[in-house]
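Student: Got a structure for you, written out below as structure tokens; questions coming shortly.
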Amino acid sequence: MAFGNFIVENGKALPLGAALTTRGVNFSIFSRHARSITLVIFESSLPDSGYTKIELDTYKNKTGDIWHCHIPGLTAGTLYLYQVDGPYLPEKGFRFNAHKSLIDPYAKALTDLSGWDLRASLGYNPDDPATDLSFSYQDDLFNLPRCMVIDDADFDWQGDQPLNYPLRFSVLYETHVKGLTAHPSSGVNHPGTYRGVIEKIPFFKELGITSIELLPIHEFNEREHSRINPRTGEMLVNYWGYSTVAFFAPKGSYAADQSPGGQVREFKEMVRELHKAGLEVILDIVFNHTAEGSERGPTFCFRGLDNTIYYTLDGNKRYYKNYSGCGNTVNCNNPVVRTFILECLHYWVMEMHVDGFRFDLGSILGRDQDGGLMENPPILERIAEDPILRHTKIIAEAWDAGGAYQVGWFPGGRWAEWNDRYRDDIRRYWREEPKQTRHLATRLSGSSDLYLRDGRKPFHSINFITSHDGFTLKDLVSYNAKHNEENGESNRDGNDNNYSYNNGFEGPSTNPVLENIREQMLKNFLATLMVSLGTPMILGGDEIGRTQKGNNNAYCQDNEISWYDWSLLEKNKNLFRFAKEIIAFRLRHPGFMRPEFYTGRDGRYNAMPDISWFDERGNPPDWDKLDTCLALRMDGSKAEILADRDDNDFFIMFNAGEKQIPFKICRTPIDKKWVRAVDTGLPSPDDICASGNEQPLAHPDIYLMKAKSMVVLISKHL
């Protein structure tokens, strides 16, 4: 059903995507091996709406490998797709199929994905015994979500710019946009949306974090899974979103505003309002693979545009290298793909004002076009040195599913990294594994074993104990084993090595003694994180005791397993108070935000080293014998040189054992006394003191440490 009477002009090759001009819209798309490309313009978003097909002329509408045209009279809100014809030779890597409609890789918004039938998007006939070697003649023009032309100038930023806090002054908070406010207890007017995030700004401000790290918000298809929850019988979904459909497009279902382009406006509104409140926005971005999956997956974008360019293929080009564990691997260091990645990052920084990115399975960005790890990967260096991204946070998950592990070795210069060594060593110490104090000391002092050798700084270590991938902090102290039965994979999925400890009983308990022990352990983890050199990241909800019922891989659980139960804020108000006070404690003490590693040498102002280590008797530790007890003294005067202003001195004690232990306290500087700032072994509100209310010690030389506790003393003039 045709509509419209369009004039088609030659157009320009750049910029790629659909760009508004003063007279209409310029369309531009890359394909090196296509024989023909057809642009389809739709009358509306209705499934059977009218449409016009415009076949691009290979002479007038092509420059090099870029196909383009300009259509006067079109405006923002115009809906379109592509159909691309070319060789279908799977054994040689070519999977063109003109019967399959394709999304523009540069599309800035898509229409509703909920009715998308992935089977109709298969480029082969799934009923043919030859499977992906066969060819599908089924046309899916009315099946695919449609790309939408967006006017990025149509938004009032009110002078907003990215905040770009230095990493060392940051406290990151990882959260899911929908899960944050989807629960009925959230108390917001727009649950599960970008506006819902805005409504939680007062909570974020009270907690005291500086930066919100969002799980993927780039458009993805929740309904790509076919498994069923064996307990409820409901279909499982892609909840986390690590399966990108459109890299430039914010997820439409996360917007309360469902008008055309509403997701773009609402995302910008969220960023602007978070920035007004002093909160950064960091996006988790998934360049390592796409939702097209393996050779058995659908054809809706890159596969149908130029499969051999966009993906890393096996020696038998019918198959994909699978370093992502998700069926395919993006060919990140192909020059065309490098350009795509850089332009995508530029868009999110310049037009959407985000402050940083966390790169999922970042090691894949360091693989060459054959899948080998490169010493100096071009895309990683480009991102690190790019002038537009110069002050943007770039954080790598420095491993992949193909065996690469590069924590401490991630190439490209200024990259920060998720430090899973920190996570595991802190967990192992607090569950009282033997001979862990040496590792505790290394992690507390910034992981110099990982980052010092290549010139990076302590803040390049993103320290975390929990993240979306694994147990919540509450579950870490409540379960010895994962409980992922509701994922429909017979509890086979998820990590088996959690270094967790249930403290004597598996799962939730009504025993107040046990729950007090667990809460004390939560405080130990939070306090350890906040006094460690490096950039701390907490998993959203840990500050109120959120549980996933022992599920350590809740990627498919869009329900109360994953959603934040905000009634816990009142139930666990003492934990929340501790969390916000320990964050504030860190941020007001520059000694914990040093830009340089400890040296262990004397400072310029006195004879005290910048850090000293002790056993519980006040002696230098025998690292080979020390099991559960450790103390350190940190000289705050070094902060004047290295962290912008002078600070208190600190004496910090750790006791992971089952018995209370008397610790000998070292001497304070002249004219100062030690006072207690933190003791996780004490009940609230004595567990942490607000600034100025630190408590004098009952005994100046000995501190009786309770079992499984942590104490922070600071020096003050009294």
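The values are calculated or read from the model by the stated rules, or taken from the named source; none is laboratory data. All values derive from a computational prediction rather than experimental measurement. Note that each Cβ is placed from the backbone with ideal geometry, even for glycine, and that neighbours are counted across all protein chains shown.
Student: Report whether or not Ser294 is touching a helix residue (DSSP H, G or I) at 6+ places or on another chain (Cβ under 9 Å), of a type in the set (Ser, Thr, Tyr), under 23 Å from His176 (Cα atoms) and modelled with pLDDT of 95 or more.
Tutor: No.
Student: A further question follows. What's the total number of residues in the stretch 176-191 that are in a loop (DSSP other than H, G, I, E, B) and either in the same structural domain as Leu529 (by TED's automatic domain parsing) or under 20 Å from Thr472 (Cα atoms) (or both)?
Tutor: Matching residues across the stretch 176-191 total 3.
Student: Considering only residues that are of a type in the set (Asp, Glu) and in contact with a helix residue (DSSP H, G or I) (Cβ under 7 Å, 6 or more places away or on another chain), look in the stretch 134-170 and name the one that is surrounded by the fewest Cβ atoms within 10 Å (Cβ to Cβ).
Tutor: Here the answer is Asp160.
Student: For the stretch 385-423: of the residues being crowded, with 19+ Cβ neighbours inside 10 Å and among the aromatic types (Phe, Trp, Tyr), which is nearest to the chain's Cα centre (by Cα)?
Tutor: Trp418
Student: Of (1) free of Cβ contacts under 8 Å to residues at least 12 places away in the same chain; (2) touching a helix residue (DSSP H, G or I) at 6+ places or on another chain (Cβ under 7 Å), Cys332 satisfies all except one. Which?
Tutor: (1)
Student: Test Leu473 against the criterion of being modelled with pLDDT of 95 or more and more than 25 Å from the chain's Cα centre (by Cα), and give yes or no.
Tutor: In short, no.
Student: Are there any pairs with C-beta distances below 8 angstrom linking a residue in the stretch 282-298 that is at positive phi to a residue that is at pLDDT 95 or above and not polar (S, T, N, Q), with the two at least 6 apart or on different chains, and if so which?
Tutor: Gly293/Cys326; Gly293/Gly327
Student: So the check is Cβ under 8 Å with 6+ separation or different chains; which pairs have a first residue in the stretch 28-43 that's within 15 Å of Asp306 (Cβ to Cβ) and touching a residue at least 40 places away in the same chain (Cβ under 8 Å) and a second one that's among the β-branched types (Val, Ile, Thr) and assigned to a loop (DSSP other than H, G, I, E, B)?
Tutor: The qualifying pairs are Ser36/Thr58.
Student: Now for a separate question. Of the numbered conditions (1) crowded, with 20+ Cβ neighbours inside 10 Å; (2) hydroxyl-bearing (Ser, Thr, Tyr); (3) in a loop (DSSP other than H, G, I, E, B), Tyr173 fails exactly one; give the number of that condition.
Tutor: Of (1) crowded, with 20+ Cβ neighbours inside 10 Å; (2) hydroxyl-bearing (Ser, Thr, Tyr); (3) in a loop (DSSP other than H, G, I, E, B), only one is false for Tyr173: (3).
Student: Next question, about the same structure. Among the helices (runs of 4 or more DSSP H) contained in the stretch 194-295, which hold 1 or more residues that are buried (at least 24 other Cβ atoms within 10 Å of the Cβ) and touching a Lys or Arg at 6+ places or on another chain (Cβ under 7 Å)?
Tutor: Ranges flagged: 262-276.
Student: Let me ask something else about it. So Cys332 ticks every box in (1) more than 24 Å from Arg390 (Cα to Cα); (2) buried (at least 21 other Cβ atoms within 10 Å of the Cβ) but one. Which box is left unticked?
Tutor: Failing condition for Cys332: (1).
Student: While we're here: Residues Leu533, Leu575: which one is in contact (Cβ under 8 Å) with a residue 12 or more places away in the chain, touching a Pro at 6+ places or on another chain (Cβ under 6 Å) and crowded, with 21+ Cβ neighbours inside 10 Å?
Tutor: That would be Leu533, the only listed residue that is in contact (Cβ under 8 Å) with a residue 12 or more places away in the chain, touching a Pro at 6+ places or on another chain (Cβ under 6 Å) and crowded, with 21+ Cβ neighbours inside 10 Å.
Student: Go through the stretch 210-251 and give me each residue that's acidic (Asp, Glu) and under 16 Å from the mean Cα position of the chain (by Cα).
Tutor: Glu213, Glu219 - these are the residues of the stretch 210-251 that are acidic (Asp, Glu) and under 16 Å from the mean Cα position of the chain (by Cα).
Student: Let me ask you something else. For Lys474, all conditions in the list (1) assigned to a helix (DSSP H, G or I); (2) touching a strand residue (DSSP E or B) at 6+ places or on another chain (Cβ under 7 Å) hold save one; what is the number of the exception?
Tutor: (2)
Student: Sort out which residues of the stretch 105-140 are assigned to a loop (DSSP other than H, G, I, E, B), under 34 Å from the mean Cα position of the chain (by Cα) and either farther than 15 Å from Pro250 by Cβ or at pLDDT below 95 (or both), and write them in order of number.
Tutor: Correct list: Pro105, Ser114, Gly115, Trp116, Asp117, Leu122, Gly123, Asp140.
Student: Please enumerate the residues belonging to the stretch 612-635 that are polar (S, T, N, Q) and buried (at least 21 other Cβ atoms within 10 Å of the Cβ).
Tutor: Thr628, the sole residue that qualifies.
Student: Could you please give the count of residues in the stretch 690-711 that are surrounded by 14 or more Cβ atoms within 10 Å (Cβ to Cβ) and under 32 Å from the mean Cα position of the chain (by Cα)?
Tutor: 4
Student: Another question about this same structure. Here are some conditions: (1) more than 15 Å from the chain's Cα centre (by Cα); (2) in contact (Cβ under 8 Å) with a residue 60 or more places away in the chain. Gly179 meets all but one. Which one does it not meet?
Tutor: Unmet for Gly179, out of (1) more than 15 Å from the chain's Cα centre (by Cα); (2) in contact (Cβ under 8 Å) with a residue 60 or more places away in the chain: (1).
Student: Could I ask something else about it? Anything in the stretch 151-170 that is in a loop (DSSP other than H, G, I, E, B) and in contact with a Phe, Trp or Tyr (Cβ under 9 Å, 6 or more places away or on another chain)? List them, or say none.
Tutor: Those that are in a loop (DSSP other than H, G, I, E, B) and in contact with a Phe, Trp or Tyr (Cβ under 9 Å, 6 or more places away or on another chain): Asp152, Pro166, Ser170.
Student: Take the conditions surrounded by fewer than 19 Cβ atoms within 10 Å (Cβ to Cβ) and under 23 Å from Arg421 (Cα atoms) and apply them to Leu452. Does it pass?
Tutor: Considered against the rule, which asks whether it is surrounded by fewer than 19 Cβ atoms within 10 Å (Cβ to Cβ) and under 23 Å from Arg421 (Cα atoms), Leu452 comes out as yes.
Student: Oh, and also: Quick one: which of Asn463, Asn491 is farther than 25 Å from Arg588 by Cα and among the polar types (S, T, N, Q)?
Tutor: Asn491
Student: Please verify whether the stretch 355-368 includes one or more residues that are closer than 23 Å to Pro411 by Cβ, surrounded by fewer than 20 Cβ atoms within 10 Å (Cβ to Cβ) and at pLDDT 95 or above.
Tutor: Taking every residue of the stretch 355-368 in turn, at least one turns out to be closer than 23 Å to Pro411 by Cβ, surrounded by fewer than 20 Cβ atoms within 10 Å (Cβ to Cβ) and at pLDDT 95 or above.
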